[in-house]
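Visitor: Let me begin by handing over the structure; questions about it come next.
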Amino acid sequence: MSKPKLLIVEDDEGLCSQYRWAFPGCDLVITHARPQALAAAQKERPSVAIIDLGLPPDPDGVTEGFATLEALVRQVPNMKVIVATSHGDRMHALRAIGSGAYDFCEKPMDIDLLRTIIDRAVRLHELEDENRRLAEAPAPSPIKRIITASDAMLKVCRTIERLATTNVSVLLLGESGTGKEALARAVHELGPRAKQPFIAINCGAIPENLLESELFGYERGAFTGAVKQTIGKIEAANKGTLFLDEIGDLPHQLQVKLLRFLQEQVIERIGGRQTIPVDVRIVSATNMMLEEQVGEGRFRNDLFYRLNSVTVRIPPLRDRPGDAMLLARYFLSRFNREFGRNIRGFTEEAISAISGHAWPGNVRELENRMKRAVVMADARLIDAADLELAPGATDPHGLDLRAARLRAEREVLQKALARSNGTLATAAKLLGISRPTLYTLMEAHGVAHAPGDASDAAAGQAVSHSTNTG
Ligand SMILES: Nc1ncnc2c1ncn2[C@@H]1O[C@H](COP(=O)(O)OP(=O)(O)OP(=O)(O)O)[C@@H](O)[C@H]1O
Ligand SMILES: [Mg+2]
């Protein structure tokens with residue numbers, strides 16, 4: 001990891017050397033006045049800046065300091081600016097926060113406190129950067145509707161692409177929600193039949209006695225209630241693709257009929273005498289161990305071989321490293337658009353919960369949790385609670401250092417707020433951090449505060465609070 005870049009805007013040489021000495025872990029860019037600071041910010045793109053309010057030509061006032069702050073915030077909006085204020089100067093501190101400063105620190109500097117503020121600022125900057133970068137990253141997958149960056153899944157996509165141009169029967173095997181239907185559609189859309197119909201039928205969802213007429217259609221009067229001639233799904237898919245979903249649920253009697261159709265490529269409607277030629281490409285899918293069913297005699301061997309010229313095994317989401325987060329961001333931007341919301345990203349806790357969850361319902365589960373979270377979240381960032389994921393459940397052994405640190409931070413934060421009766425100034429003092437830092441922490445953890453402090457309203461304008469109690 002490279003050192004975080006820290007921009008200093010300070011006219012006092014003595015203080016500059018103190019900074020140099022105090023932050024050996026940072027890459028310092030030292031400037032003494034506004035023009036130089038703006039040029040350096042543009043060129044170096046530091047993650048954090050510390051600026052003195054008393055800058056020349058107004059070293060004893062604050063006009064130049066505020067002008068510098070405002071120009072920096074405008075020019076590099078994602079940089080976190082910390083303002084050095086005179087001791088006890090609350091008014092200017094709050095005004096600075098209102099003008100877009102991330103935090104303030106009183107002179108004479110308490111270096112330990114400043115270090116904590118800078119550490120947090122750097123982390124927040126990284127997190128926002130990462131959010132932005134991933135939100136802008138194009139989907140690397142070759143199939144439009146499939147978002148993935150995992151090698152195993154990319155391999156599946158390439159196989160699907162190749163198979164699409166052929167006419168072979170494809171059997172998709174995968175747990176529920178892994179994208180079987182999405183891939184079946186891709187087989188159709190990337191092939192020569194794309195302009196013809198794609199017809200899907202779920203063999204597990206239709207009662208056995210109706211399934212036959214759904215598949216093969218019927219003539220008028222074929223049975224009670226058959227008031228008019230009706231085309232079945234197979235016939236409707238003529239020249240296109242027929243997607244047989246949950247093929248493992250196909251009853252035995254229909255397995256025989258389907259096999260006959262696949263061998264002879266003709267059907268007869270129920271109650272009909274005429275054989276009708278049908279040309280369809282077959283894609284089938286199941287989340288069961290079809291081979292085992294064949295072994296146990298529950299699924300016909302000959303049908304199995306007909307359906308499965310090629311088997312494509314779709315890996316579960318838990319075996320696609322990094323994909324859960326990639327998909328979460330994709331769904332975030334999609335649902336932001338769909339629901340007219342403007343949620344900017346995820347808290348660190350949400351990120352570790354998403355990466356740590358086993359996703360038994362795969363992409364479908366993630367999609368549903370994200371939809372709910374985007375609708376329900378009331379902060380700018382989605383929290384683990386919005387996703388209804390337990391933050392602690394990510395690692396049963398509690399050995400994930402980052403998660404443990406976040407857990408501890410949240411606990412201490414809640415204790416301090418409880419002990420201070422919701423008075424933020426007291427809570428900040430108990431925690432040894434500044435008030436804006438406390439706001440950021442509360443927001444990151446989705447912790448609400450019971451209003452007990454009159455001056456909170458002023459600072460609250462700059463930092464929006466979460467009212468999420470999860
Ligand atoms: N890699 C992916 N990128 C983007 N969206 C995806 C991806 N995989 C699945 N989806 C979406 O997730 C949802 C579930 O996918 P799909 O219906 O294809 O899964 P399935 O395996 O057929 O699930 P089930 O077994 O529950 O029927 C759909 O809305 C689909 O568009
Ligand atoms: Mg499906």
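The values are calculated or read from the model by the stated rules, or taken from the named source; none is laboratory data. Quantities reported herein were computed from a predicted structural model and do not represent experimental measurements. Every residue, glycine as well, gets a Cβ built from its backbone with ideal geometry; the counts of neighbours run over all protein chains shown.
Visitor: Looking at Val76, is it out of contact with any Cys (no Cβ under 8 Å at 6 or more places or on another chain) and either crowded, with 16+ Cβ neighbours inside 10 Å or among the aromatic types (Phe, Trp, Tyr) (or both)?
Guide: yes
Visitor: Would you be able to tell me the number of residues in region 183-207 that are assigned to a strand (DSSP E or B) and more than 16 Å from ligand 2 (Cβ to nearest atom)?
Guide: 0
Visitor: Report whether or not Leu210 is at pLDDT below 95, outside any loop (DSSP other than H, G, I, E, B) and over 30 Å from Leu327 (Cβ atoms).
Guide: yes
Visitor: Mind listing just one residue for me: the one in region 236-251 that is within 20 Å of Ala205 (Cα to Cα) and away from ligand 2 (no atom under 16 Å from the Cβ) and, of those, nearest to the chain's Cα centre (by Cα)?
Guide: For region 236-251, the residue satisfying everything is Ala237.
Visitor: A further question on this structure: I'm told Leu55 meets every condition in (1) part of a helix (DSSP H, G or I); (2) over 40 Å from the mean Cα position of the chain (by Cα); (3) not polar (S, T, N, Q) except one. Can you identify the failing condition by its number?
Guide: All conditions are met except number (1).
Visitor: Given the condition surrounded by fewer than 15 Cβ atoms within 10 Å (Cβ to Cβ), modelled with pLDDT under 90 and within 16 Å of ligand 2 (Cβ to nearest atom), answer yes or no: does some residue in region 140-147 qualify?
Guide: Checking region 140-147: at least one residue is surrounded by fewer than 15 Cβ atoms within 10 Å (Cβ to Cβ), modelled with pLDDT under 90 and within 16 Å of ligand 2 (Cβ to nearest atom).
Visitor: Of all the residues that make up region 151-182, how many are in a helix (DSSP H, G or I), over 21 Å from the mean Cα position of the chain (by Cα) and within 8 Å of ligand 1 (Cβ to nearest atom)?
Guide: Selection size over region 151-182: 1.
Visitor: If you don't mind, there's one more thing I want to ask. Between a residue in region 346-359 that is among the aromatic types (Phe, Trp, Tyr) and any residue that is modelled with pLDDT of 90 or more and part of a helix (DSSP H, G or I), which pairs come within a Cβ distance under 6 Å, given they are 6 or more apart or on different chains?
Guide: Sorted first by the residue in region 346-359, then by its partner, the pairs are Trp359/Leu317; Trp359/Arg318; Trp359/Glu365.
Visitor: Considering each residue of region 305-320, count those that are surrounded by fewer than 19 Cβ atoms within 10 Å (Cβ to Cβ), in a helix (DSSP H, G or I) and of a type outside the set (Asp, Glu), and give that number.
Guide: Matching residues across region 305-320 total 3.
Visitor: Against the condition surrounded by 14 or more Cβ atoms within 10 Å (Cβ to Cβ) and within 16 Å of ligand 2 (Cβ to nearest atom), how does Leu172 come out, does it pass?
Guide: Answer is yes for this residue.
Visitor: So, one more: Is there any pair linking a residue in region 274-295 that is assigned to a loop (DSSP other than H, G, I, E, B) to one that is within 16 Å of ligand 2 (Cβ to nearest atom) and of a type in the set (D, E, K, R), with Cβ under 6 Å and at least six apart or on different chains, and which?
Guide: Asn287/Glu175
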